[in-house]
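**Q** Here it is, the structure in full.
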Amino acid sequence: MPKPIDVLGMGPTRTVTQTPAGNYLITVTPPEWTGIKKGKSIRLSRDQYERFVLWMGTQKLIQDVFPELTSEQREILLNGT
């Protein structure tokens, strides 16, 4: 479930690709108004992907959902930068 800001078209675009190994590649592209043309990707395990989906529908802090990720990795999930 997208966060409300995504519904309004003001948030980043997120795409998910399942890899042959069973991991998930999340690509996050910032919104057009930022001027950033290329997004960034992060590979998540199945457990992390399930938490990612739940996080998208909540108001929880990303650092609480993904304490094992670096701040840079969490920033990619948040806005693609």
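Bear in mind that the values in this text are calculations on the coordinates, not laboratory data. Every value quoted in this text rests on a predicted model; they were computed, and no experiment measured them. Reconstructed Cβ throughout: ideal geometry from the backbone, glycine too, with neighbour counts over all protein chains shown.
**Q** From Cα pairs below 8 angstrom and at least 6 apart in sequence, can you work out the relative contact order of the range 2-81, rounded to a whole percent? Please report the intermediate quantities before stating the final value.
**A** Numbers: 109 pairs, mean separation 24.1, N = 80.
It comes to 30 percent, rounded to a whole number.
**Q** Follow-up. Which of LEU61, LEU44, LEU25 moves most in a GNM of the chain, Cα contacts under 10 Å?
**A** Result for the chain, Cα springs under 10 Å: LEU61 fluctuates most.
**Q** Set the Förster radius R0 to 30 Å, insert the Cβ-Cβ distance between LEU78 and ALA21 as r into 1/(1 + (r/R0)^6), and round the FRET efficiency to 0.05. Display every interim value, and only then the final one.
**A** Values: r = 25 Å, r/R0 = 0.83.
The calculated FRET efficiency here is 0.75.
**Q** Per residue of the chain, what 222 nm ellipticity follows from adding -39500 (n - 2.57) for every DSSP H run with n ≥ 4, rounded to the nearest 500?
**A** Values: 4 runs with 28 residues, N = 81.
Computed mean residue ellipticity for the chain: -8500 deg cm²/dmol.
**Q** So, one more: Using the alpha-carbon atoms, what tilt in degrees (0 to 90, nearest 10) does helix 46-56 show relative to the longest principal axis of the chain?
**A** 40
**Q** Taking the chain on its own, what percent of its Cα-Cα pair distances exceed 18 Å?
**A** On the way: 1271 of 3240 pairs.
Every Cα pair in the chain considered, those over 18 Å come to 39 percent.
**Q** Just how large is the dipole of the chain about the Cα centre, in debye to the nearest 20, putting +1 at every Lys and Arg Cβ and -1 at every Asp and Glu Cβ?
**A** 180
**Q** With a cut-off of 18 Å, note down the residues of the range 17-32 whose backbone N falls inside the zone around a label point 7 Å from the Cα of ARG51 toward its beta carbon.
**A** 23-27
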